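To start, the structure itself, in C-alpha cells.
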Amino acid sequence: MNLIGNEGLSLRECEKKLLKTLGPKRIQLIKVLVKNRYTVFYGSILKQAQTPEEEHQIEEQMGKSAMGRQLLMQRKLEAVGL
C-alpha cells in the first residue's frame, strides 16, 4: 500500500512498480490504481482505523500532504451532502 500512497514517487515510477508487482495482465487495474492512488491509499487506511482516535490520527497525517488535504475536504463535503 505504501507504493501507491508514496507522494515522492512519480506516476510513471508507481506504474512501473505496480506492473512489476502485478504483471502485464493487470494493466487496466494498474491504470485505475495509478489514477486514483491517493483515494485508494487514504481510503484503505481510514477503513482500517478501529477507533475514532485512530481515524483522527490518520486525518492528521492526511493534512500534512496536499492530496490528503484535498481528500479530507472532499470527505467533509460528502458528509454534509454536497
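No lab work stands behind these numbers, since they all come straight from the coordinates. Just so you know, these numbers come straight off a predicted model, no measurement behind them. FYI the Cβ positions are ideal-geometry reconstructions off the backbone, even for glycines, and counts take in every protein chain you see.
Numbers below:
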item	result
Relative contact order of segment 2-79, pairs being alpha-carbon contacts under 8 Å that are 6 or more residues apart, as %	24
Under 10 Å, Cβ to Cβ, from Met67 - net charge with Lys/Arg +1 and Asp/Glu -1	+1
Per-residue [θ]222 nm for the chain (sum of -39500 (n - 2.57) over DSSP H runs n ≥ 4, rounded to 500)	-22500 deg cm²/dmol
